[in-house]
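One structure is given below, encoded as structure tokens.
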Amino acid sequence: MNLPPGFRFFPTDEELVVHFLHRRASLLPCHPDVIPDLELYPYDPWDLPGKALGEGRQWYFYSRKTQERVTSNGYWESMGIDEPVFTSSTHKKVGIKKYLTFYLGDSQTNWVMQEYSLPDASSSSGRSSKRSSRGSTSSGRKPDYSKWVICRVYEQNGSEEEDDDGAELSCLDEVFLSLDDLDEVSLP
């Protein structure tokens, strides 16, 4: 997916849950609509470029919540870390961030997935489920969009730790950091 020139996609955890995932689960439009739907589990993480929204070394996509996280070459396993996602203004819990790592056979790789979900599907979609139960017909039910998750996948370098907020150094930060190196340089 191509983004317009100058567009950078570095959302916070709160933005991913509130602006994208909650709107998706509530069937509300999201602008810009840049995150694609992707059935994750047929794909290995290195297959994501070109299929998911890529920004730097991170890929974002919507997927259906499932316990089956097996690909053709490996599987995603929970790291046992589940963090609540809170709003910055009211400190209300709006989501859950689960960490998973990718395994090839019995070998753990450097691929990490952060899977964002709504805290409780029944409470977050209460209004939409009441509305859909009144308007639903006996011929079929609408799909339950509260079962969506947003995934952020990246390959973590062994020596570097991935920033939680996805922030990069600005040009000024890099200049100031390079000034520290000038002490080690001897001038003629």
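The values are calculated or read from the model by the stated rules, or taken from the named source; none is laboratory data. Source: prediction; values computed, not measured. Cβ: placed from backbone, ideal geometry, glycine included. Neighbour counts: every protein chain shown. The accessibility values were calculated without ligands, DNA or RNA, using every heavy atom of the protein model including side chains. Shrake-Rupley method; radii C 1.70, N 1.55, O 1.52, S 1.80 Å.
Cβ-Cβ distances below 7 Å connect the following pairs, each with a first residue in region 88-108 that is under 16 Å from D44 (Cβ atoms), a second residue that is open to solvent by 40 Å² or more (accessible area, probe 1.4 Å) and not aliphatic (A, V, I, L, M), and a separation of six or more residues or different chains: L100/E77; L100/S78; T101/E77; T101/Q108; Y103/Y75; Y103/E77; L104/N73.
Checking K93, K51, K65 one by one, the residue that is out of contact with any Gly (no Cβ under 7 Å at 6 or more places or on another chain) and over 29 Å from D106 (Cα atoms) is K93 and no other. Being open to solvent by less than 50 Å² (accessible area, probe 1.4 Å) and part of a helix (DSSP H, G or I): is that true of L16 here? Yes: the conditions hold for L16.
Taking interchain pairs and intrachain pairs at least six residues apart, which have beta carbon atoms under 8 angstrom, with the first residue in region 24-44 and in contact (Cβ under 8 Å) with a residue 12 or more places away in the chain and the second assigned to a strand (DSSP E or B) and among the charged types (D, E, K, R)? From region 24-44, the pairs are E39/R64.
Within region 33-57, take every residue that is over 19 Å from W148 (Cα atoms) and open to solvent by 50 Å² or more (accessible area, probe 1.4 Å) and give me the one that is modelled with the lowest pLDDT. The extreme case among them is G56. In region 64-85, the residues that are more than 22 Å from D47 (Cα to Cα) form Cβ pairs under 8 Å with partners that are assigned to a strand (DSSP E or B) and open to solvent by 70 Å² or more (accessible area, probe 1.4 Å), at six or more places apart or across chains, as follows: P84/K93; V85/K93.
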